[in-house]
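Down below is the structure, laid out as structure tokens.
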Amino acid sequence: MCKKETFFLPFLISALTATSLHGEIAIGILYAIDNNAKVRLLYKNVPIECEPFGVIPLERMVPNAVVPKECSKEIDAFYRTYPHEKAFAREHLKMAQSYHFELIKGGCILYANGEETYSEMLLSHGIAVVDARFDNVEWNARLARAQKGAENQQIGLSTTLIRKFCIKEEK
């Protein structure tokens, strides 16, 4: 490298870094929690419904269930046994807190615990399953890993008949 390139290289690197840091980051304020399947954020004073991306939480399983009546009974029994899981969003997300989020085709990516998303949190606690129709190369492995962790630890719906009555298994 010549002397001029060496002199300007640090300035070029700092300029590129500064440009990427000054990009707009979507940060919303949590103002309502409907249930584990839907929270509401304010972004620039505009309300946004944020449903976890790539997963099917227990609250959204009944309408498309294989056996809706049995599915509903199993979910109710699960929530009676594990009442904290029914209030999962209220216990893990804080009202009036700012959260980084992104809207994508499959829902809303809500970074709820550092780099861990709310969808991953639901999966790792066994109160959601990965949506078979969701296909996003960037997120498939992370979501599958979170679900596999709950299955390996035998927590959440992996210990119930919810999957049998509620989820249509693709063959």
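Please treat every number below as a calculation from the coordinates, not as lab data. Here the structure is a predicted model, which means the values were calculated and not measured. Every residue, glycine as well, gets a Cβ built from its backbone with ideal geometry; the counts of neighbours run over all protein chains shown.
Observations
- Pairwise alpha-carbon distances in the range 16-130 exceed 25 Å for 28% of all pairs.
- Scalar couplings 3J(HN,Hα) for the range 160-168, obtained by applying the Karplus form with A = 6.51, B = -1.76, C = 1.60 to θ = phi - 60°, are 10, 9, 4, 4, 5, 8, 10, 10, 7 Hz; x denotes Gly and Pro.
- Taking amide H as placed 1.01 Å from N in the peptide plane, Asn113 has no amide H partner under 5 Å among residues 5 or more places away or on another chain.
- Point-to-point label distance, Asp135-Asp34, nm (Cα→Cβ direction, 7 Å offset): 2.8 nm
- Neighbour cut-off at most 12 other Cβ (10 Å), DSSP loop, trypsin sites (Lys or Arg not before Pro), the range 52-157: Lys94, Lys105, Arg133
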